[in-house]
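The values are calculated or read from the model by the stated rules, or taken from the named source; none is laboratory data. Given the structure is predicted, the values throughout are model-derived calculations rather than measurements. So basically every Cβ, Gly included, is an ideal-geometry build from the backbone, and we count neighbours across all protein chains shown.
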Protein chains: 4
Amino acid sequence: MARVAIVGGAGYIGGELLRLLLGHPEAEVAAVTSTRLAGRRVDGAHPNLRGLTDLTFVDPGSLEEYDALFLATPHTETMGRMTGYAKIATTIFDLSADFRLRDPEVFRRYYGLPHEAVDLLPEFVLGLPELHRDRLRAADRVAVPGCMATAGILALRPAAAAGLIEPEVTIDARTGSSGSGATAGPENLHAERSGAMRVFAPTRHRHEAEIGQETGLSVRMSATGVEAVRGVQVLCRARLAPGADERAVRAAYRAAYAAEPFVRVVAQKRGLYRLPEPKILSGSNFCDVGFAADGERALVLVAALDNLVKGGAGNAVQCMNVRYGWPERAGLTFAGLHPN
Amino acid sequence: MARVAIVGGAGYIGGELLRLLLGHPEAEVAAVTSTRLAGRRVDGAHPNLRGLTDLTFVDPGSLEEYDALFLATPHTETMGRMTGYAKIATTIFDLSADFRLRDPEVFRRYYGLPHEAVDLLPEFVLGLPELHRDRLRAADRVAVPGCMATAGILALRPAAAAGLIEPEVTIDARTGSSGSGATAGPENLHAERSGAMRVFAPTRHRHEAEIGQETGLSVRMSATGVEAVRGVQVLCRARLAPGADERAVRAAYRAAYAAEPFVRVVAQKRGLYRLPEPKILSGSNFCDVGFAADGERALVLVAALDNLVKGGAGNAVQCMNVRYGWPERAGLTFAGLHPN
Amino acid sequence: MARVAIVGGAGYIGGELLRLLLGHPEAEVAAVTSTRLAGRRVDGAHPNLRGLTDLTFVDPGSLEEYDALFLATPHTETMGRMTGYAKIATTIFDLSADFRLRDPEVFRRYYGLPHEAVDLLPEFVLGLPELHRDRLRAADRVAVPGCMATAGILALRPAAAAGLIEPEVTIDARTGSSGSGATAGPENLHAERSGAMRVFAPTRHRHEAEIGQETGLSVRMSATGVEAVRGVQVLCRARLAPGADERAVRAAYRAAYAAEPFVRVVAQKRGLYRLPEPKILSGSNFCDVGFAADGERALVLVAALDNLVKGGAGNAVQCMNVRYGWPERAGLTFAGLHPN
Amino acid sequence: MARVAIVGGAGYIGGELLRLLLGHPEAEVAAVTSTRLAGRRVDGAHPNLRGLTDLTFVDPGSLEEYDALFLATPHTETMGRMTGYAKIATTIFDLSADFRLRDPEVFRRYYGLPHEAVDLLPEFVLGLPELHRDRLRAADRVAVPGCMATAGILALRPAAAAGLIEPEVTIDARTGSSGSGATAGPENLHAERSGAMRVFAPTRHRHEAEIGQETGLSVRMSATGVEAVRGVQVLCRARLAPGADERAVRAAYRAAYAAEPFVRVVAQKRGLYRLPEPKILSGSNFCDVGFAADGERALVLVAALDNLVKGGAGNAVQCMNVRYGWPERAGLTFAGLHPN
């Protein structure tokens, strides 16, 4: 049993961490922080947890010592506090963007300010078990990747690693509204966001940096908000390398993900759900990955996940399971709903 | 041609007034105010108007003189400014709630503070042509009713006036999110409001006071937010009076609304759209009204409208048409969309 | 470990039974039938189950013997086959409507044809543990109630049982589209059903019969389809009995549901989720119940649930847990999602 | 005044033609056909038209002679009947796909069967006034382009024509559910289609052929169904040609569309609606077009429209206006709604 604390528990990622960790057979949630809601019941912010917990939020300043910390704290504000966090917990799962990019110059380019803890960067392992499982078994500093980054990396990595695609790819990402968080602004008002197809990042979405780092590809990525609360889907386009074809792609993906508990290859020729679709993944930790050849030289790759689960809290819990040697599916058995 | 101004033009009702008045054959929009956006183009706030107008918002303090003012100003803040508005326009169409209730004591009970302009109340005519057309032809102070009130009144009035129902009725109202306005709070964040069935007013929704006033009935009304941007639907329950039956109800509604340009009786025995439904009314000024007997003694009545059009801006324009003797459908010819 | 079979596994209730039973610690799904899809993989019809099962559908004629049968078969077609089902399983959980109503005359009135197995009716216990837990511990014929019926009964029963309300109540039910099933007609086409507020049953919705039977109240119920896939909400109106008030109501509900694993009293004075709302219940087996007094004599009661879980498959699994003496929450621990 | 008939009036495009033509100042709808609904009122199929028309559907066999025919008939079934249609009307606006592609071999490749009226192909002018206005002034055979094709062509044509982009482009198209028509299959059931992000055409969507033909570009196009009833959005990716930059692109688009009544350039640096978004275009005939440079060499272009209006019926009416020399905006003045 591990005693864990969640820092930044009032937001959507924080709530999802709570949901998953309260149901985890090996973890005990010892503290959840919220500066704004300190002293209030957590089920006031997360009504789905009514009857399942009597926890109240505490002020971050009152944290003591824990086996593990889960940081659901804002980008660019987390790096400056990391030394402090390290003093109160053995293992840290950071869900902010601050320690995902190994190159501080790339960080500066995408986040607009210099990195404040460059010396700590080498301590972090990217929290993607499909790529870094072995290192995660011993990692005490884990940087959980972004939601679209996870989808993009899992969509592209096997093809890239096997040399089946040319290095220049484009990604068209679509996302539900929960990615904007619980304190989103007027652009997330229901009347504005409902039924939207909003190209909020026509170019250079931040997550393209993580995807480039993890796949070695040169990535151009746009992001569009569509009508959904949860869910991310990426549609990637690549050129097939000389000699590569769809059969080779299929073999590479089957091999890469055959033993993965949370990645399913979904690439059928027909049928309603023949390619990955996020709506049936809500609440689950699956990332579905598929592809289709576009003629002889081009390839379309698609991945889908729940941005708050495999794209955030669930992936962090999976990393914890790897780190502690627990069954990798512990606390993550929810199948997703159909219809939904 | 009438020179009109819109006060409070940055909100959703203001935008809808703009859309309708810019397309009106007899009106010229001479000014639109917004304290917050003064100096900015109106199509920045209302992107559907791009290419249709070069107007910019002006500060309310810069208003001059107009034939008519449309007030899309906040409840409880409008009454104190009415004397000032009266100095700059002959005719005033007030879309706030402040002058709808004739009895200031009822106002106090539902709005929680005393009425500040009791002496002006008798000058106002309720802006519902279906009930007050004759008085509206000469009215220079028009209080446009609330969205749910309009639906409820039009659903119940013919039955009440003909003595076909007992005086105690209940209303279950459902509404889209645009009724909360363009500056709504966190409860209207997309992730919270999407797919909601939120009973935000289990009892005593404010609009029940208007319905009671206009129908003479004793009304209990709840309101539930459901997934839609535009649209209000009321489902009313009444007891049939002795001797009344569905045939008499049908005759009364056919008679009451036969000549109305914007009320349609929709009460079929079968079919997909056999009772009023708001989704096909978006953008239109129709209020559809229907009913079904529940056994021999009970009656269910249903009405639907677009809260921003027949429930607000469109109804105000219809009142203007009546007031100026223009064709009542001028500027209000949009049919609504199917599918939508 | 119990060997169970699902009859009618291709539909939405069938899929949900599969999801829950595949994850149940004490049950083994030995067979799933579908006449139409016999021989095909079940994850073709239920894509959320990919990677979780290799089951294929079998023809109903090939069923053997099981500890328990779950019948997700059509209304009015199940009663004629019940004798056959009884031969192949000790315990039967029937999710059709055929054995819910004790009085065959009431059945005839609501379903339009005579009951074909009147002699079997007394063998059935209504599958609502909150009302019939003791009888369910030994029941081998369980008729699982309808989705809106479950919500209505749980909303009204404590007040009715305690004599706190007058016997005449009205119910306005709202429902998502999944209640129409996986083979629904053109009225359930997305373009028609999306954003709907469709009063498909203005009067005499079938489930009012079950609610009347279980509460002793005289019920008038309408049903409206609103935009959601999963979710049912009922808003009930009753008169408070002489001497009753909101405090007494609260006490009665707290007492009635204090020990229930799946009923939560949600009746707060303020807050975003102060009354029951289905969107946070998707996938969970909770039924949330709340209320608000409307002045001194009237009461509004609200309940919400996921129509496929507590309104169907989940409730059936809960009944199985009761019948076999397993922990009542076994296989039903999913908390629901927020936001969703 | 022109007497027009609509062939195939029961579907969504047919209904939209009716809505627009009933409100058109110069057209009289003389007949509307439906084999299935002959003899039934048109407002039974199109409930938004209640009170606006008393027309009934007639059998196609009973058509007489008209000034113009609008064909909302199925792809691949229209070509074989064209000779017959030509006998009963001077001018034909064909909304099927059958005469859009000049090269019958391309038609065969995308539609899977040989063209049956190759000799008629040269008579047709593609119904896109922005490209072919001069020829449309005298055209009696007009092939109205597909919804995504119109968006793609209007997004890409100015850049292609000015040589600002390299010839290889990719397009990711998103569409609402109404594009599947009123007789869509189980994949369009609300419970399946709601909240979808369904890549139904990962490669080779048929409309890429039209886009290639009209722009001279080599197009790879995918199509994804997202949650909306109406609305199409395309996100196109191209390489900037040597010497080209965003400034040159902006100049080209401003010039190309400056005089167009229904194309707006929407390419702002910030703001909620800075790039084209279909939700504010529902019911309107606008196509909004925008772009953003992605570094120094790449360009993202975005276009949005209502698939049933500028993507179909509205565009056909615009072509009629051009053909008859009427004001091009006649009958097409609806602005679109915000919020919506």
- line: Among strands (runs of 3 or more DSSP E) entirely within the range D:225-329, at least 1 residues that are under 22 Å from the mean Cα position of the chain (by Cα) and away from chain A (no Cβ under 12 Å) occur in D:263-265, D:287-294
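Can you name every residue in the range A:160-179 that is over 20 Å from A:E277 (Cα atoms) and not acidic (D, E)?
A:A160, A:A161, A:A162, A:G163, A:L164, A:I165, A:P167, A:V169
Give me a count of the residues in the range C:242-260 that are surrounded by fewer than 18 Cβ atoms within 10 Å (Cβ to Cβ) and not basic (K, R).
The initial filter retains those residues of the range C:242-260 that are surrounded by fewer than 18 Cβ atoms within 10 Å (Cβ to Cβ), namely C:242-243, C:245-248, C:250-251, C:254-255, C:258-259.
Pick out the ones that are also not basic (K, R) and you get C:242-243, C:245-246, C:248, C:251, C:255, C:258-259.
Residues in the range C:242-260 being surrounded by fewer than 18 Cβ atoms within 10 Å (Cβ to Cβ) and not basic (K, R): 9 in total.
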- prompt: If you scan the range B:144-187, which residues turn out to be modelled with pLDDT of 95 or more, within 18 Å of D:N340 (Cα to Cα) and over 18 Å from the mean Cα position of the chain (by Cα)?
  reply: none
message: Among the residues that make up the range A:127-143, is at least one of them within 14 Å of chain D (Cβ to nearest Cβ) and within 21 Å of the chain's Cα centre (by Cα)?
response: no
field: Flag if A:V265 is surrounded by fewer than 24 Cβ atoms within 10 Å (Cβ to Cβ), under 20 Å from A:A149 (Cα atoms), of a type in the set (V, I, T) and touching a Gly at 6+ places or on another chain (Cβ under 9 Å)
entry: yes
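How many residues does the range D:171-217 contain that are part of a helix (DSSP H, G or I) and either more than 22 Å from A:T224 (Cα to Cα) or free of Cβ contacts under 8 Å to residues at least 12 places away in the same chain (or both)? Talk me through it step by step, then tell me what you get.
Step one: filter the range D:171-217 for residues part of a helix (DSSP H, G or I), giving D:177-180, D:186-188, D:190-193, D:207-215.
Remaining after also requiring either more than 22 Å from A:T224 (Cα to Cα) or free of Cβ contacts under 8 Å to residues at least 12 places away in the same chain (or both): D:180, D:186-188, D:190-192, D:209-215.
Looking only at that region, the number is 14.
Let's see how each residue does on (1) out of contact with any helix residue (DSSP H, G or I) (no Cβ under 6 Å at 6 or more places or on another chain); (2) assigned by TED's automatic domain parsing to the domain that holds D:V125; (3) at pLDDT 95 or above:
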site: D:V266; (1), (2), (3): yes, no, yes
site: D:L272; (1), (2), (3): no, no, no
site: D:L281; (1), (2), (3): yes, no, yes
site: D:S284; (1), (2), (3): yes, no, yes
site: D:G290; (1), (2), (3): yes, no, yes
site: D:A298; (1), (2), (3): yes, no, yes
site: D:Q318; (1), (2), (3): no, yes, yes
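Can you work out which of the residues in the range B:158-170 that are part of a helix (DSSP H, G or I) and buried (at least 24 other Cβ atoms within 10 Å of the Cβ) is farthest from the other protein chains (Cβ to nearest Cβ)?
Within the range B:158-170, the match that is farthest from the other protein chains (Cβ to nearest Cβ) is B:P158.
Quick grid of which residues meet (1) β-branched (V, I, T); (2) farther than 19 Å from B:P145 by Cα:
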{"residue": "B:T203", "(1), (2)": "yes, yes"}
{"residue": "B:A209", "(1), (2)": "no, no"}
{"residue": "B:D245", "(1), (2)": "no, yes"}
{"residue": "B:A248", "(1), (2)": "no, yes"}
{"residue": "B:R270", "(1), (2)": "no, yes"}
{"residue": "B:G290", "(1), (2)": "no, yes"}
- prompt: Based on what the data block shows, is C:V289 closer than 21 Å to C:V169 by Cβ, buried (at least 24 other Cβ atoms within 10 Å of the Cβ) and touching a Cys at 6+ places or on another chain (Cβ under 8 Å)?
  reply: no
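One residue is enough: does the range A:121-129 have a residue meeting the conditions part of a helix (DSSP H, G or I), out of contact with any Gly (no Cβ under 8 Å at 6 or more places or on another chain), closer than 30 Å to A:A292 by Cβ and in contact (Cβ under 8 Å) with a residue 60 or more places away in the chain? Give the derivation first.
Narrowing the range A:121-129 to residues part of a helix (DSSP H, G or I): A:121-123, A:129.
Then drop every residue that is not out of contact with any Gly (no Cβ under 8 Å at 6 or more places or on another chain), which leaves A:121-123, A:129.
Within this subset, residues satisfying the condition of being closer than 30 Å to A:A292 by Cβ are A:129.
So of that shortlist, the ones also in contact (Cβ under 8 Å) with a residue 60 or more places away in the chain come out as A:129.
There is at least one residue in the range A:121-129 that is part of a helix (DSSP H, G or I), out of contact with any Gly (no Cβ under 8 Å at 6 or more places or on another chain), closer than 30 Å to A:A292 by Cβ and in contact (Cβ under 8 Å) with a residue 60 or more places away in the chain.
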message: Among the residues of the range D:288-330, what is the count of those that are β-branched (V, I, T) and farther than 12 Å from D:P278 by Cβ?
response: 4
query: When only residues in the range C:209-222 that are surrounded by 24 or more Cβ atoms within 10 Å (Cβ to Cβ) and facing chain B (nearest Cβ under 10 Å) count, which is nearest to C:L156 (Cα to Cα)?
result: C:M221
